[in-house]
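The values are calculated or read from the model by the stated rules, or taken from the named source; none is laboratory data. Predicted, not measured: the structure shown is a model, and the values here were computed from it. Every residue, glycine as well, gets a Cβ built from its backbone with ideal geometry; the counts of neighbours run over all protein chains shown. Protein only, heavy atoms only, side chains kept; ligands, DNA and RNA dropped before computing areas. Shrake-Rupley method; radii C 1.70, N 1.55, O 1.52, S 1.80 Å.
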Amino acid sequence: MKPQSCFASVVILACVLACVGVVRAQDKGSEAGKPGPPKFLNMAHQELKPGRIGAYDELETSIARIYNRENIPVYWLELESITGPSEVLYLNFFDSSEELAKSAAALNAGLAAHPELVQMQDKLLQENTSNATTVLAVRREDMGYRANSIDFSKMRALRLSTVFAHPGYERAFMETEWSLSEASEKVQAQSAWAVYEVVGGLPEPAFVIVTPMKSLADVDDIVAAGESVKKGQAGALQQHLQELARIAFGTSDTRLFSVGPKMSHVSKKFAAGDAEFWAPATTSAPPATAGKTEKGAPRNSGATTPTPKP
């Protein structure tokens, strides 16, 4: 096992492998043939040092292009914070635990074949980041709102909410989400969301609610839908939800992120959802000069360690 710092642009391998056993217990078959968001979500949060976003982005762009040029089958979406602390978020998607393990093996093989990536990813983290958190979560198909309509290839921004429930009161959290989903359906809210249950990386019980947006203008729809729910229920639902939240919720945190295609590495199938937008993510880096370390514009990376790479 290589040092944790080697996985700057990828999922923290140690965390992923540690969670595979838990994941397999909940994986009742691949979701590949079904619509909607993937079964497993791996998130890597990288907090940046002051003034380092430019250098981080430049180096990460170079790293992503090498992964593309060398056809390393480890994929991630890179996003940067709009609200809250300066942070980079990497998302890795997996439809089954087998796919997750396969991606981890591909990452190991890719880093072994291209040691310059290890050096670049180490530099990325050491010079630009101050803290890192990697989280693995499993989709809860019994919660969410119109989740099967979500297409991450169309996402340009993300509303990410992390909720820590009180131990033993997960049912109250679930009832809150069910009530919100029903109320949103009644007012025909446009923004869909999916709910994931954390299985590694954060104190449990914890849930992550992802609301992909095609633009930041979608925030207006989210706010408007919330107001419509309150008015449409004449306060009854709002009171019920507040009571459930009081019982179920410990703490919660909501942040907005914007997608960075140049710092992402996506599959051709994924990019086909919007080829023009993802063109920077599928542009290869020029061949490395023989005998020299690959160098690229200092920019950022992150995978489930920083960037969603297995």
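Contact map, segment 271-284: residues that are farther than 11 Å from ARG65 by Cα paired with residues that are modelled with pLDDT under 90 and open to solvent by 50 Å² or more (accessible area, probe 1.4 Å), Cβ distance under 7 Å, separation 6+ or inter-chain. Pairs shown: ALA271/THR282.
Among the residues making up segment 253-268, those that are under 18 Å from the mean Cα position of the chain (by Cα) and not in a strand (DSSP E or B) are GLY260, PRO261, LYS262, MET263, SER264, VAL266, SER267.
Exactly one condition in (1) open to solvent by 10 Å² or more (accessible area, probe 1.4 Å); (2) in a helix (DSSP H, G or I) is false for ASP142; which is it? ASP142 satisfies all of (1) open to solvent by 10 Å² or more (accessible area, probe 1.4 Å); (2) in a helix (DSSP H, G or I) except (2). For segment 180-228, the candidate set comprises residues that are open to solvent by less than 20 Å² (accessible area, probe 1.4 Å) and out of contact with any strand residue (DSSP E or B) (no Cβ under 8 Å at 6 or more places or on another chain); within that set, the residue that is modelled with the lowest pLDDT is ALA225.
When you scan segment 282-301, do you find a residue that is in a strand (DSSP E or B), at pLDDT below 70 and not charged (D, E, K, R), even just one?
Start the filter on segment 282-301 by keeping residues that are in a strand (DSSP E or B), which leaves none.
Among the residues of segment 282-301, not one is in a strand (DSSP E or B), at pLDDT below 70 and not charged (D, E, K, R), which makes the answer no.
Could you check, for segment 140-163, whether at least one of its residues is at positive phi and among the basic types (Lys, Arg)?
Residues of segment 140-163 at positive phi: 144, 146.
If we keep only those that are among the basic types (Lys, Arg) as well, we get 146.
Yes, there is a match, as at least one residue in segment 140-163 is at positive phi and among the basic types (Lys, Arg).
GLY84 falls short on exactly one of the conditions (1) over 25 Å from GLY51 (Cβ atoms); (2) in a loop (DSSP other than H, G, I, E, B), and that condition is (1). Just to be sure I understand, how many residues within segment 58-112 are among the small types (Gly, Ala, Ser) and over 19 Å from LEU124 (Cα atoms)? Summing the residues that are among the small types (Gly, Ala, Ser) and over 19 Å from LEU124 (Cα atoms) in segment 58-112 gives 9.
Just to check your reading of the model, which residue among ASN128, ASN148 is in contact (Cβ under 8 Å) with a residue 12 or more places away in the chain and open to solvent by less than 40 Å² (accessible area, probe 1.4 Å)? Show your work before the answer.
Working: ASN148 fails: open to solvent by less than 40 Å² (accessible area, probe 1.4 Å).
Answer to the check: ASN128.
When every residue of segment 164-172 is checked against the conditions, none turns out to be surrounded by 16 or more Cβ atoms within 10 Å (Cβ to Cβ), part of a strand (DSSP E or B) and modelled with pLDDT of 95 or more.
Looking across segment 179-212, the residues that are in a strand (DSSP E or B) and farther than 24 Å from ASP151 by Cβ come down to VAL199, GLY200, ALA206.
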